[in-house]
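In what follows, a structure is listed as structure tokens, so that the remarks can point back to it.
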Amino acid sequence: QVQLVESGGGLVQAGGSLRLSCVASGIIFSIHDMAWYRQAPGKQRELVATSTSGGSTNYAASVKGRFTISRDNAKNTVYLQMNSLKPEDTAVYYCNARHPTRPFTYWGQGTQVTVSS
């Protein structure tokens, strides 16, 4: 059974920082591409950052320079360090795992991030 469990969300003032974690089980973590998505109220889910199994990272333009995605394959964990947070970063953040060659994708339950102005 595949599980992705996010943690680290919360309430923070604008300009503050949070670090999200996502622990995966039931998959061979090291071969999966990992990503963070977010969904704000009334908006579609959007891609925030990706970390491929090969070590590449990519970011949405809105978070580039402020957010950093990283992974620890030994701990089956992907992180999202979020700095200089803005009220528009308020959303539920979801962890995603995608098999590189098969049509398998998995989601966590989400963690709420709220940034107050």
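So which residues in the range 1-17 are open to solvent by 30 Å² or more (accessible area, probe 1.4 Å) and within 18 Å of Asp89 (Cα to Cα)?
The first filter runs over the range 1-17 and keeps only residues open to solvent by 30 Å² or more (accessible area, probe 1.4 Å), leaving 1-3, 5, 7-9, 11, 13-15, 17.
Matches in the range 1-17: Ser7, Gly8, Gly9, Leu11, Gln13, Ala14, Gly15, Ser17.
Take the residues in the range 34-49 that are touching an Asp or Glu at 6+ places or on another chain (Cβ under 9 Å) and open to solvent by 30 Å² or more (accessible area, probe 1.4 Å); name whichever of them is nearest to Phe104 (Cα to Cα).
Tyr37
If you scan the range 76-107, which residues turn out to be of a type in the set (Gly, Ala, Ser) and over 22 Å from Gly65 (Cβ atoms)?
Start the filter on the range 76-107 by keeping residues that are of a type in the set (Gly, Ala, Ser), which leaves 84, 91, 97.
Answer for the range 76-107, where residues must be of a type in the set (Gly, Ala, Ser) and over 22 Å from Gly65 (Cβ atoms): just Ala97.
If we only count strands (runs of 3 or more DSSP E) wholly inside the chain, which ones have 3 or more residues that are among the hydroxyl-bearing types (Ser, Thr, Tyr) and in contact (Cβ under 8 Å) with a residue 12 or more places away in the chain?
So the answer is 111-116.
Give me the residue from the range 84-117 that is more than 15 Å from the chain's Cα centre (by Cα) and small (Gly, Ala, Ser) and, out of that set, surrounded by the fewest Cβ atoms within 10 Å (Cβ to Cβ).
Ser117
Among the numbered conditions (1) closer than 30 Å to Ser117 by Cβ; (2) touching a Phe, Trp or Tyr at 6+ places or on another chain (Cβ under 9 Å); (3) surrounded by fewer than 19 Cβ atoms within 10 Å (Cβ to Cβ), tell me where Asn58 comes up short.
Tallying (1) closer than 30 Å to Ser117 by Cβ; (2) touching a Phe, Trp or Tyr at 6+ places or on another chain (Cβ under 9 Å); (3) surrounded by fewer than 19 Cβ atoms within 10 Å (Cβ to Cβ), Asn58 fails exactly one: (2).
What's the number of the condition Gln81 fails, among (1) over 14 Å from the mean Cα position of the chain (by Cα); (2) surrounded by fewer than 19 Cβ atoms within 10 Å (Cβ to Cβ)?
Tallying (1) over 14 Å from the mean Cα position of the chain (by Cα); (2) surrounded by fewer than 19 Cβ atoms within 10 Å (Cβ to Cβ), Gln81 fails exactly one: (1).
Using the structure shown, decide if Ala24 is modelled with pLDDT of 95 or more, surrounded by 19 or more Cβ atoms within 10 Å (Cβ to Cβ) and closer than 11 Å to Gly108 by Cα. It would help to see each step written out before you state the result.
Values: modelled with pLDDT of 95 or more: yes; surrounded by 19 or more Cβ atoms within 10 Å (Cβ to Cβ): yes; closer than 11 Å to Gly108 by Cα: yes.
The answer is yes for Ala24.
Looking for something over 17 Å from Val5 (Cβ atoms) and at pLDDT 95 or above - is there at least one such residue anywhere in the range 102-115?
From the range 102-115, those over 17 Å from Val5 (Cβ atoms) are 102-104, 114-115; that's our starting set.
Filter once more, keeping what is at pLDDT 95 or above: 114-115.
Yes, there is a match, as at least one residue in the range 102-115 is over 17 Å from Val5 (Cβ atoms) and at pLDDT 95 or above.
The values are calculated or read from the model by the stated rules, or taken from the named source; none is laboratory data. Fair warning: this is a prediction, and the values are worked out from it, not measured in the lab. Virtual Cβ from ideal backbone geometry, glycine too; neighbours counted across all protein chains shown. Heavy atoms of the whole protein, side chains included, go into the accessibility calculation; ligands, DNA and RNA do not. Shrake-Rupley method; radii C 1.70, N 1.55, O 1.52, S 1.80 Å.
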